[in-house]
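What follows is one structure encoded as structure tokens, with my remarks underneath.
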Amino acid sequence: MVAVLNRSRKGRLEAELTSFVGRRSEIAEVRRLLTAARLVTLTGVGGTGKTRLALRVAVEARRTFPDGVWQVDLAAVRDPALVPFAVAQALDLDDQTDRPVTEALRGYLRDRRLLVILDNCEHLRDPSAELADVLLHAAPGLRVLATSRQPLGLPGEHVFEVPPLAVPDPDRPLPAGAAMRYLALALFAERAVAVLPGFSLTPDNEDLVGQICWALDGLPLAIELAAARLRTLSLDQLAGRLWDRMRLLQSRHSVPAHHQTLQAAFDWSYELCTDDERRMWAALSVFGDGFDLAAADEVCADAVPGARAFTALLGLVDKSVLSRERTGGQDRYRLLHTVREYGLLRLREHPGAEQALRRRYRDYYLRLAQRGETDWSGPRQEATYRCLRGEHAHLRAALEFCLVTPGQQRTGLELAGTLWFYWTGCGFLREGRHWLDRFLDADPEPSPQRTKALWALGAVAVAEGDRDTADRALTESRQRAAAAGDERLVGLAELSMGTLALFADDPAGAARLFEQGLARFDRLGEDNPATLLGRSTLAMIAAGGGDLDRAEAICRETLAVCERRDDRWAAGWVFYVLALVALSRGCVEAAIGHARDGLRRMLVFHNLTGIAMLFELYATIVAAAGQAERTAVVHGAAARIWHLMGRRLFGSAALEAQHAGCEAHAREVLGDAGYDAAYHRGTRFEADEAVSYALGADPAQSAAAGDAPPVPAGLQQQREVAELVAQGLSNRQIATRLAASQRTVESHVENILRRLGFTSRVQLAAWMAAQHPEN
């Protein structure tokens, strides 16, 4: 069973909630293939353990990939166009430019050495193959491990068919030590203990267990489901039902051969369910990702109403149809991909049922987004962000449904526009642009939903630095909102147009637009994150014009509103302006403190726009403090984020001039070589690492762990390998240098990392440099 996400800075894998049984030879062979080929695809029937094997290989090989091992689960993705987005999201690539996502991935991966697992990609075989081909050509350090029911069909692809677990011949007596020889029996016994404490294989039951495993063809998923039935059935009862089900399925020639065995396990499990549990199973199959109880209750209300739904849900958990995981203090439920597919087959036996459920599903997540929009302005702001990040896959699925289902585009337009705050404020500009563009094209007729979506598109385009699109969208939105008498939307459009004017270096025009928009909201008696940001920007304009007292007064008033409303997102921008005011007055320490307060708040919401702007200001502040090296590092960190977002500093000539002056000063102090080295160091920081650096920590020095234990004495070749790793040589280059095999070098690197407690070659290189500073 696989569930909870296990994410680190150098990788993203699902954590294994149950032990991994056997497969040593398969693991070794797949690892060997990954050294010989850059694309390896694990194929096999559903339920044979392709994902588990891929994850185990990744865990054991992770130290040979300095930039990590990353799992991209494509099970919930249906639109081929979203495959690059799914890969980018799994890699934490926050590219907000207007270039194609594939191009962003090419640039991001070009100089990295990492393993990407394209998991469950059989339903997206062609787009997965096309993306893999492009990325493998662009990034020589990339390895791709795919799991699919069929090969991707690319040149150079190595295919490994994942076999079932070994099972005994039912017509022969079991040999001694059967559990050691037949892993299917070992797996059954281990899973049985979880539901029947004290269970073990004995001479009295191992023949029967062997027959059960043989009947299930040694498929791990089927064996685990069978073992779970021991909660309610004896081994004899289990074997009796299973034999009957297997014979029935073998006679159903309409079922594809590669589905027969898994279908047998699911049909049998389905028959053990109550009527409510069966209906619940089928209804829950519309969820392509984990969900909570509230979502299940709402979406499945027509299938299983009231309190019966909760009873059915618990029954499905008890029967191992559903898995339950604890995330963020909340229970979430998940159907395994193949279990979900079976549920869909059952659901489609009833004409119209799937479409009705998918509409309820879409409506539920539309309401969730609408609640989020309301809660974004208030004390539930941070909880809203966490909720939407957790439900991102469902929001995407709801948008997909609207886009491909006739007559649903208007609702999709509403959903995409409702999520404006998520796209613009939480680091998802590029995906927001994707959905808004598509729905505006799909539903060109005038409507309130279109008017709001045009404003949302304009706000996204402003943040991307796409002035032409922003101007067109905001102008049309403002005109349509005015014609409809929607004062609120007119005000929002004016605030966004003010930001656009400011970035076009027209502060006077920007101030007029901000004052108009804020006056409308004053008449409405409303404050929200957009108005609070607008007030902060007015303060920024005042500071830029030299009126520091007015700027500070606006900030203090706005900050008081933020604190009263518990609006941490808008408060981040207030601290930006307070830092600017303090710097203008020569109060460097106060400016640093305000900038750090702003960064802390920006990071909570993954607000990349705010983080990049604060980095630029922070670099100027520390330059004034005489910290030229820190200035260069932060410039590098900001450059990395601007590269992901679009035009640096939104193309503002005034902001670019400030940046250029700050850079020139740092170069004068450090020299070009010194500045470039520090700048390059900053470009290697992830956003959270860069914020940590700005707050006073240094991730690189922490990773170096100068007080780490020394390389063990007496291991001379390992010491030589460590020194060559520190010089940036690859395993192949080290093998050539030392006249050793590449496999030996890989073993040495893994041993060194393990002994030092490190997880990457970068940490090892930093530590070696700290041991020999004279070099």
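Figure legend. Inter-residue proximity from segment 404-426: first residues under 15 Å from Asp363 (Cα atoms) and surrounded by fewer than 24 Cβ atoms within 10 Å (Cβ to Cβ), second residues acidic (Asp, Glu) and at pLDDT 95 or above, beta-carbon distance below 8 Å, spacing 6+ or different chains. Indicated pairs: Gln409/Asp443; Arg410/Asp443; Thr418/Glu373.
Quick check on my filter: what residues within segment 380-403 are among the hydrophobic types (A, V, I, L, M, F, W, C) and touching a residue at least 12 places away in the same chain (Cβ under 8 Å)?
Here is the first cut: in segment 380-403, the ones among the hydrophobic types (A, V, I, L, M, F, W, C) are 383, 387-388, 393, 395, 397-399, 401-403.
Scanning segment 380-403 gives Cys387, Leu388, Ala393, Leu395, Ala397, Ala398, Leu399, Phe401, Cys402, Leu403.
Here Ser148 passes the criteria (1) over 21 Å from Gly22 (Cβ atoms); (2) in contact with a Pro (Cβ under 7 Å, 6 or more places away or on another chain) except the one numbered (2). Selection over segment 479-493 of residues that are closer than 22 Å to Gly425 by Cβ and surrounded by fewer than 24 Cβ atoms within 10 Å (Cβ to Cβ) gives a count of 5. Cβ-Cβ contacts under 6 Å between residues 6 or more apart (or on different chains), taken from a first residue in segment 28-39 that is part of a loop (DSSP other than H, G, I, E, B) to a second residue that is at pLDDT 90 or above, are listed as Ala37/His158; Arg38/Leu136; Arg38/Arg143.
Counting only residues that are outside any helix (DSSP H, G or I) and either in contact (Cβ under 8 Å) with a residue 60 or more places away in the chain or open to solvent by 40 Å² or more (accessible area, probe 1.4 Å) (or both), how many does segment 668-693 have? Step through it out loud before you land on a result.
Taking segment 668-693 as the starting set, the residues that turn out to be outside any helix (DSSP H, G or I) are 684-686.
Then keep just the ones that are either in contact (Cβ under 8 Å) with a residue 60 or more places away in the chain or open to solvent by 40 Å² or more (accessible area, probe 1.4 Å) (or both); that gives 684, 686.
Looking only at that region, the number is 2.
Filtering segment 606-664 to residues that are of a type in the set (Phe, Trp, Tyr) and in contact (Cβ under 8 Å) with a residue 40 or more places away in the chain leaves Phe615, Tyr618, Phe650.
Restricting Leu233, Leu142, Leu154 to residues that are buried (at least 18 other Cβ atoms within 10 Å of the Cβ) and either touching a strand residue (DSSP E or B) at 6+ places or on another chain (Cβ under 8 Å) or not small (Gly, Ala, Ser) (or both) narrows the list to Leu142. Of all the criteria given as (1) at pLDDT 85 or above; (2) under 28 Å from Ala463 (Cβ atoms); (3) not polar (S, T, N, Q), the one not satisfied by Asp94 is (1).
Given the structure, is Glu349 of a type outside the set (Ser, Thr, Tyr) and open to solvent by 50 Å² or more (accessible area, probe 1.4 Å)? Yes, satisfied. Leu131 fulfils the conditions (1) within 30 Å of Ala461 (Cβ to Cβ); (2) crowded, with 21+ Cβ neighbours inside 10 Å; (3) at pLDDT below 95; (4) of a type outside the set (Val, Ile, Thr) except for a single criterion, (3).
Confirm whether Arg52 is farther than 25 Å from Phe685 by Cα and part of a helix (DSSP H, G or I). Lay out the reasoning, then the answer.
Numbers: farther than 25 Å from Phe685 by Cα: yes; part of a helix (DSSP H, G or I): yes.
Considered against the rule, which asks whether it is farther than 25 Å from Phe685 by Cα and part of a helix (DSSP H, G or I), Arg52 comes out as yes.
Residues of segment 508-517 that are closer than 17 Å to Ala463 by Cβ and either open to solvent by 20 Å² or more (accessible area, probe 1.4 Å) or assigned to a loop (DSSP other than H, G, I, E, B) (or both): Leu513 alone. Here Pro444 clears all of (1) more than 22 Å from the chain's Cα centre (by Cα); (2) over 17 Å from Gly646 (Cβ atoms); (3) in contact (Cβ under 8 Å) with a residue 12 or more places away in the chain except the condition numbered (3).
The values are calculated or read from the model by the stated rules, or taken from the named source; none is laboratory data. If you're wondering where the values come from, they're calculated on a predicted model, not measured in any experiment. We place every Cβ from the backbone using ideal geometry, glycine too, and count neighbours over all the protein chains shown. Heavy atoms of the whole protein, side chains included, go into the accessibility calculation; ligands, DNA and RNA do not. Shrake-Rupley method; radii C 1.70, N 1.55, O 1.52, S 1.80 Å.
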